Amino acid sequence: MYLPRALISKLYIHLQNTRHPLSPPVLILVALEPDALCACRILTRLFKHDYIPHKIQPVAGYADLERVGRELVSPMMETRGGAGGVVVCLGVGGMADLGTVLGLEPEGEENTFGKVEVWVVDSHRPWNLGNVFGGFPLEPETEDATTFAARSPVGVKGGRIDRTYQPGKGGIVVLDDGDIEDELSRERDAYLALVDMPDIEDDGEDLGDSDDDESETEDGEGAVSLPRAGQKRKSWDFDDGDSEDDDDRPRQRRRSNSSTPIPESPRRPAQRGLISLRDDAVFSSDPAEPPTAAQPLRAPSARTLRRRLLRLRRENEAVLRDYYRLGTSYSEPIASMMYSLASELGREDNDLLWMAIVGVTSMELYGRSSAGIAVPVRSSEARPASGWLGVRGARIRQLLRDEVRRLNPPEVGSGRVLPENTGIIPTTARSPEDTSIRLSPEPKFLLIRHWSLYDSMLHSPYLFSRLKTWSETGLKRLHKLLAKMGVSLVQCKQSYTHMDMMLKRELRTKLLKYASLYNLDELVPTVDTDGKDRGGAKDGWGFVRSWGWRATLSAQDVGVVIGALLEVGKNTPAADSHQPTGGASSQQQLQQHQLAIDGQQAAQNPSEEWLPRFWEAYDALEDIEALKAGLPTAQFLHKAIFTTGTTLLKKKQVSHLRAFRMCVVKDSPDAGLFHHPGALTKLALWIGEALAEQEKDATGGRLAQGGRGTPLVVASLDEKRGVYIVVGTGGGGGPDTAFMDREAAQRRAKEREEREERRRAREKIREEKRAARMRRREEEGGGGWRGRGGRRKRGGGILRGRGRG
């Protein structure tokens with residue numbers, strides 16, 4: 001089932017009204033991602049406000065999800081001695097068959113779910129359609145209710161929950177961010193058609209385009225096998241070959257080209273009767289009106305019915321197959337969804353808004369877009385850049401900026417000019433009690449408030465790809481840019497907070513003056529966005545929050561630190577290193593080498609190492625001192641990314657294959673860091689953005705794959721476990737092109753409908769004119785001859801003749 005966005009608070013209000021002190025706690029399953037952590041912080045804040053007991057369980061992968069289902073979720077079912085309850089999945093389960101993985105739909109049992117209700121909030125796509133349009137206990141079968149739709153719970157139609165739905169019976173509820181309602185109508189119709197379709201053995205017969213076997217007699221060969229009462233339907237499969245499943249994933253029935261788990265078939269009730277051999281309304285016309293008296297209508301043979309059903313089933317299967325073959329992509333961040341829930345309940349405040357902002361920003365840091373893991377590329381005249389997630393991402397950021405203005409009104413009558421309004425990024429709070437959120441013209445540097453200006457520019461992925469700082473020429477280009485700006489190397493290698501105030505005040509102006517000489521047009525927000533805070537867009541501006549005199553951090557800083565804590569952990573030997581320079585000393589290299597050795601000696605199951613990091617990152621989201629303690633870890637990780645990426649590019653270790661590029665991380669002293677998929681994804685985005693810029697410069701501004709760039713595959717060898725960790729990126733341009741292409745397709749479909757409507761209107765006018773002319777001719781002709789066809793009207797009757805007077 002899916003819950004429309006307009007009813008996002010329906011389930012929570014019911015939970016709030018029905019909970020009592022003896023109710024079982026709500027189980028929250030959380031992915032090890034910054035966006036999921038922020039969403040969890042928002043949801044637990046709501047639970048604490050309403051005194052709803054809850055338990056948080058981090059989930060490290062599909063194998064961990066299956067273990068949690070077996071140990072924690074299944075015992076909640078009433079059929080197994082539990083009392084039912086609610087399970088919330090944040091960032092997990094959207095692409096898996098949760099009924100099977102969590103053990104809520106055991107084989108051979110009619111009572112499913114056992115009053116356990118699962119809420120799914122996930123930004124991963126594609127959806128598992130069994131969760132979206134199914135995932136509920138069926139009503140008892142009666143003579144009038146034998147189909148899947150008829151046995152759906154009250155208030156559920158086509159998988160959609162309306163206001164009359166009453167929670168409490170259990171099931172899987174997917175919270176829709178708008179994609180299901182707007183874009184999955186074809187998939188919904190195909191899924192519901194397949195659910196009620198009887199079993200037919202498909203032997204790959206060529207059905208052709210029409211039923212040409214009407215003359216064949218009815219026999220037992222190829223007859224439709226009707227299900228018996230209580231019989232479970234056999235599963236259908238798109239592929240005949242057997243597939244082996246990884247240890248880290250639940251057992252899935254098939255895979256797509258993008259390794260997305262896909263359910264084998266829509267589930268259907270035990271008794272199916274939507275289409276049967278005796279269904280005259282579907283396959284026969286009224287026998288009381290035969291075409292001629294001499295030839296009565298002949299009922300279609302069993303072979304004909306079988307071919308019709310096979311053709312219908314293949315058409316619907318093709319719709320589902322095309323949907324799953326779209327590959328992995330991402331939709332609206334779940335932190336934004338949780339903030340929408342808080343807003344519907346009237347609970348929004350600065351703390352929840354900050355969690356939503358950090359969650360949205362972290363999605364951008366990991367390159368997650370509507371085209372999968374995608375590398376942003378600079379804009380061109382043919383395709384202007386619209387940022388992460390294209391138009392949709394711009395709308396989300398604009399809504400967040402509006403919320404910042406609403407919850408943090410400017411000070412009236414203070415007479416002070418705020419530093420962010422003069423182009424200076426704020427580094428301190430306005431007062432000891434200042435915890436407000438502000439908009440800031442953030443440059444595309446990395447951790448600039450906590451690093452030197454030189455290190456912040458050197459480790460910026462934006463400058464790494466545009467200036468090509470992995471080479472000596474690129475470093476000279478960076479030094480030349482600083483020289484033109486009038487900043488000496490001695491000054492820029494000082495801590496940014498201790499730099500000369502006049503230099504910081506003029507930094508943005510100088511960057512805007514010289515950025516265009518180095519293709520850095522998007523390095524810092526332009527001046528024309530200033531002074532438009534009242535209802536203005538302020539495109540490109542970032543978010544900054546202060547914690548009194550203790551710290552001032554941007555949302556990007558927090559996202560970088562939380563990600564580093566999840567991927568590396570704060571107990572690393574290099575976390576104590578505070579060297580400000582960009583190069584790595586011998587002591588730091590030794591520490592990095594020791595970290596790699598420690599990573600290789602980790603347990604065979606990486607989740608045992610990853611799960612403790614979850615609580616470190618979770619605490620850092622609300623403890624500013626723990627967050628500041630994670631800054632050295634973030635700096636250490638990005639130094640390793642810079643060193644490894646520079647080595648791979650300088651030594652030309654990136655292989656250019658026909659369809660994609662590939663590189664392997666195995667001999668680097670930092671290889672142990674990249675055994676985590678999140679750290680490896682950051683390295684892949686770092687290298688992919690540089691390769692996309694190289695490709696664009698080499699081809700005169702054109703990128704392969706329809707403007708998306710050549711995909712990149714990066715692998716890291718984990719020798720201890722004997723496996724490769726592999727991630728892939730879309731090459732570039734994905735965040736813009738996917739959403740824009742989809743909007744263009746919708747616009748073309750709308751234009752096509754309008755043209756068809758105009759054509760029908762013109763046809764209707766022509767028919768009316770034609771009928772009017774016929775009436776006039778009949779009135780003027782009276783009883784005379786009708787010249788065409790030899791028809792003559794005389795006294796209201798029609799006589800046939802040869803047309804001669």
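The values are calculated or read from the model by the stated rules, or taken from the named source; none is laboratory data. Predicted model only: the values in this text are computed from it and were never measured. Glycine also receives a Cβ, built like all others from the backbone with ideal geometry; neighbour counts cover every protein chain displayed.
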Can you confirm whether region 440-452 contains a residue that is buried (at least 21 other Cβ atoms within 10 Å of the Cβ), under 30 Å from Leu649 (Cα atoms), touching a Cys at 6+ places or on another chain (Cβ under 6 Å) and at pLDDT 85 or above? no
If a residue has to be surrounded by 16 or more Cβ atoms within 10 Å (Cβ to Cβ) and in contact (Cβ under 8 Å) with a residue 24 or more places away in the chain to count, how many in region 627-659 make the cut? 23
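Can you confirm whether Leu104 is surrounded by 24 or more Cβ atoms within 10 Å (Cβ to Cβ) and in contact with a Cys (Cβ under 9 Å, 6 or more places away or on another chain)?
no
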Pick out the one residue from Gly114, Gly103, Gly99 that is part of a loop (DSSP other than H, G, I, E, B) and either closer than 24 Å to Cys40 by Cα or aromatic (Phe, Trp, Tyr) (or both). Gly103
Among (1) surrounded by fewer than 22 Cβ atoms within 10 Å (Cβ to Cβ); (2) more than 20 Å from the chain's Cα centre (by Cα), where does Asp182 come up short? (2)
Looking at Ala63, Ala6, which is the one that is farther than 25 Å from Asp351 by Cα, of a type in the set (Gly, Ala, Ser) and outside any strand (DSSP E or B)? Ala63
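Which one is surrounded by the fewest Cβ atoms within 10 Å (Cβ to Cβ), of the residues in region 336-375 that are among the polar types (S, T, N, Q), in contact (Cβ under 8 Å) with a residue 12 or more places away in the chain and under 17 Å from Leu7 (Cα atoms)? Even if it seems obvious, please write down each step before you answer.
First, pick out the residues of region 336-375 that are among the polar types (S, T, N, Q): 336, 340, 343, 350, 361-362, 369-370.
Narrowing the set further to residues that are in contact (Cβ under 8 Å) with a residue 12 or more places away in the chain leaves 336, 340, 350, 361-362, 369-370.
Now restrict to residues that are under 17 Å from Leu7 (Cα atoms): 336, 340.
On the way: Ser336: 23, Ser340: 20.
Filtering region 336-375 for residues that are among the polar types (S, T, N, Q), in contact (Cβ under 8 Å) with a residue 12 or more places away in the chain and under 17 Å from Leu7 (Cα atoms), the one surrounded by the fewest Cβ atoms within 10 Å (Cβ to Cβ) comes out as Ser340.
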Only unsatisfied item for Ile200, checking (1) outside the structural domain of Arg41 (by TED's automatic domain parsing); (2) farther than 19 Å from Val319 by Cα, is (2)
Residues of region 368-403 being in a loop (DSSP other than H, G, I, E, B), at pLDDT 65 or above and in contact with a Lys or Arg (Cβ under 8 Å, 6 or more places away or on another chain), which ones? Ala371, Ala374
State which residue is farthest from Gly359 (Cα to Cα) when the search covers only region 22-53 and only residues that are surrounded by fewer than 17 Cβ atoms within 10 Å (Cβ to Cβ) and of a type outside the set (Ser, Thr, Tyr). Leu22
From the option list Ser185, Ser152, single residue qualifying as out of contact with any Lys or Arg (no Cβ under 8 Å at 6 or more places or on another chain), under 30 Å from Val26 (Cα atoms) and of a type in the set (Ser, Thr, Tyr) is Ser152
Give me the residue from region 473-501 that is assigned to a loop (DSSP other than H, G, I, E, B) and of a type in the set (D, E, K, R) and, out of that set, surrounded by the most Cβ atoms within 10 Å (Cβ to Cβ). Lys493
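So, Thr112, is that one modelled with pLDDT under 90 and surrounded by 18 or more Cβ atoms within 10 Å (Cβ to Cβ) or not? Before the answer, list the steps.
On the way: modelled with pLDDT under 90: yes; surrounded by 18 or more Cβ atoms within 10 Å (Cβ to Cβ): yes.
In short, yes.
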Please work out which one of (1) farther than 20 Å from Ser340 by Cα; (2) assigned to a loop (DSSP other than H, G, I, E, B); (3) among the β-branched types (Val, Ile, Thr) is the condition Val132 fails and give its number. (2)
Restricting the first residue to region 126-138 and requiring it to be within 15 Å of Ser185 (Cα to Cα) and buried (at least 23 other Cβ atoms within 10 Å of the Cβ), which pairs with a second residue that is at pLDDT below 90 and basic (Lys, Arg) meet a Cβ separation below 7 Å and a spacing of at least six or different chains? Gly130/Arg267; Gly134/Arg267
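Limited to region 97-119, what total is found for residues that are under 19 Å from Val26 (Cα atoms) and either under 27 Å from the mean Cα position of the chain (by Cα) or among the hydroxyl-bearing types (Ser, Thr, Tyr) (or both)? Spell out how you get there, then give the answer.
Filtering region 97-119 down to residues under 19 Å from Val26 (Cα atoms) leaves 98-99, 101-104, 113-119.
After this cut, where a residue has to be either under 27 Å from the mean Cα position of the chain (by Cα) or among the hydroxyl-bearing types (Ser, Thr, Tyr) (or both) as well, the list is 98-99, 101-104, 113, 116-119.
Matching residues across region 97-119 total 11.
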Which condition number in (1) over 21 Å from the mean Cα position of the chain (by Cα); (2) within 26 Å of Thr18 (Cα to Cα); (3) at pLDDT below 90 is the one that Met76 fails? (3)
Taking region 517-528 and keeping only residues that are more than 14 Å from Tyr462 (Cα to Cα) and assigned to a helix (DSSP H, G or I), one is left with Leu517, Val527, Asp528
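I'd like the residue in region 778-787 that is of a type in the set (D, E, K, R) and surrounded by 10 or more Cβ atoms within 10 Å (Cβ to Cβ) and, out of all such residues, is modelled with the lowest pLDDT. Show your work before the answer.
Looking only at region 778-787, we keep the residues that are of a type in the set (D, E, K, R), and these are 778-780, 786.
In the following step, the residues that additionally are surrounded by 10 or more Cβ atoms within 10 Å (Cβ to Cβ) were identified as 778, 786.
Details: Glu778: 86, Arg786: 48.
Restricting to residues being of a type in the set (D, E, K, R) and surrounded by 10 or more Cβ atoms within 10 Å (Cβ to Cβ), the top hit is Arg786.
Please verify whether Pro409 is at pLDDT below 90 and either in a helix (DSSP H, G or I) or over 20 Å from Asp500 (Cβ atoms) (or both), treating the condition exactly as stated. So that I can check it myself, show each step before the final result.
Values: at pLDDT below 90: yes; either in a helix (DSSP H, G or I) or over 20 Å from Asp500 (Cβ atoms) (or both): yes.
Answer is yes for this residue.
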Can you name every residue in region 29-66 that is hydrophobic (A, V, I, L, M, F, W, C), more than 17 Å from the chain's Cα centre (by Cα) and closer than 21 Å to Met363 by Cα? Leu29, Cys40, Ile42, Leu43, Val59, Ala60
Does region 525-537 include one or more residues that are touching a Phe, Trp or Tyr at 6+ places or on another chain (Cβ under 9 Å) and at pLDDT below 90? yes
Look through region 320-330, keep the residues that are surrounded by fewer than 17 Cβ atoms within 10 Å (Cβ to Cβ) and in contact (Cβ under 8 Å) with a residue 60 or more places away in the chain, and return whichever of them is nearest to Met95 (Cα to Cα). Gly327
Residues that are aliphatic (A, V, I, L, M), at pLDDT 80 or above and in contact with a strand residue (DSSP E or B) (Cβ under 6 Å, 6 or more places away or on another chain): does region 691-713 have at least one? yes
